[in-house]
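The values are calculated or read from the model by the stated rules, or taken from the named source; none is laboratory data. Bear in mind that the values here come from a model prediction, so they are computed numbers and not experimental data. All Cβ positions, even for glycine, are placed from backbone atoms using ideal geometry, and neighbour counts span all protein chains on display. Keep in mind that these areas ignore ligands, DNA and RNA; they rest on the heavy atoms of the full protein, side chains included. Shrake-Rupley method; radii C 1.70, N 1.55, O 1.52, S 1.80 Å.
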Amino acid sequence: MGSYDRDLKTSISLLDLTNKKEISSFGESFDFNHSLQNIIKNKRDLLKDHEYFYAVSDNQPIIEKYDFINKEKLESFNYSFIPIIQKNIEFINSKPDSPNSYTAFVRDSYIDNGELYLLISNQGAKFRANTILRIKLRPNFELNTIYHLPGNIYSTFCIENDTLYAFNNETASIEKIRRK
């Protein structure tokens, strides 16, 4: 699970279900200006693909790849070069800093067939959450496709074969969208 450990400054905890008292921590954490920010902004979505864990921050444009056995970080991918992410960072940096809150722009993440999908919100005057980034994981991280969903605000999604299912918050419905 994504869980910040204050003492070890790690971002991931592993609970052994056969021995519920054994918890190991690993993963690099981000360091922010305030201890409360360290706790709330080090959240990660954890996804497993074969022998790797992928840790996706909801508020930093960073994806980390960890070895499942050794718990070592193998590589990371900074996707701040993508225009929607650049605009989000500019908007976030224009806001006053508060230790009690933060802005998350990754709303959901999903792995399918060696590719990572991120549902990204567009911060600013006209909030939208309808962009999905498709990132190849092998042999290295690589932005593959950017999808724009037909509605304005989605909260979650999944993929089956060439079909994307996304929950549209405005209509309170699940949409079936063919991927191209």
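Observations, loosely collected:
- Residue within segment 98-106 that is within 27 Å of Lys65 (Cβ to Cβ) and assigned to a strand (DSSP E or B) present: yes
- Within segment 116-157, restricting attention to residues that are of a type in the set (D, E, K, R) and at pLDDT below 95, the residue that is least open to solvent (accessible area, probe 1.4 Å) is Arg138.
- The number of residues in segment 158-171 being among the small types (Gly, Ala, Ser) and either on the phi > 0 side of the Ramachandran plot or open to solvent by 70 Å² or more (accessible area, probe 1.4 Å) (or both) comes to 0.
- Cβ-Cβ distances below 6 Å connect the following pairs, each with a first residue in segment 115-141 that is over 18 Å from Gln60 (Cα atoms), a second residue that is among the basic types (Lys, Arg), and a separation of six or more residues or different chains: Glu115/Arg134; Glu115/Lys136.
- Taking the criterion of being of a type outside the set (Gly, Ala, Ser) and either open to solvent by 30 Å² or more (accessible area, probe 1.4 Å) or without any contact (Cβ under 8 Å) to a residue 12 or more places away in the chain (or both), the residues of segment 26-40 that qualify are Glu28, Phe30, Asp31, Phe32, Asn33, His34, Leu36, Ile39, Ile40.
- Hits in segment 42-71 - residues which are touching a strand residue (DSSP E or B) at 6+ places or on another chain (Cβ under 8 Å), in a loop (DSSP other than H, G, I, E, B) and modelled with pLDDT under 90: Asn42, Lys43, Glu51, Phe68, Lys71
- Qualifying residue in segment 66-77 (condition: open to solvent by 20 Å² or more (accessible area, probe 1.4 Å), within 12 Å of the chain's Cα centre (by Cα) and not polar (S, T, N, Q)): yes
- Answer residue from segment 158-180, given it is polar (S, T, N, Q), assigned to a loop (DSSP other than H, G, I, E, B) and out of contact with any strand residue (DSSP E or B) (no Cβ under 6 Å at 6 or more places or on another chain) and is modelled with the lowest pLDDT among those: Asn161
- Subset of segment 72-90 [assigned to a helix (DSSP H, G or I), of a type outside the set (Val, Ile, Thr) and more than 19 Å from Ile40 (Cα to Cα)]: Pro83, Gln86, Lys87, Glu90
- Across segment 4-21, not a single residue is classified as open to solvent by less than 80 Å² (accessible area, probe 1.4 Å), closer than 22 Å to Thr156 by Cα and either among the aliphatic types (A, V, I, L, M) or at pLDDT 80 or above (or both).
- Check on Arg138, part of a loop (DSSP other than H, G, I, E, B), within 28 Å of Glu51 (Cα to Cα) and basic (Lys, Arg): yes
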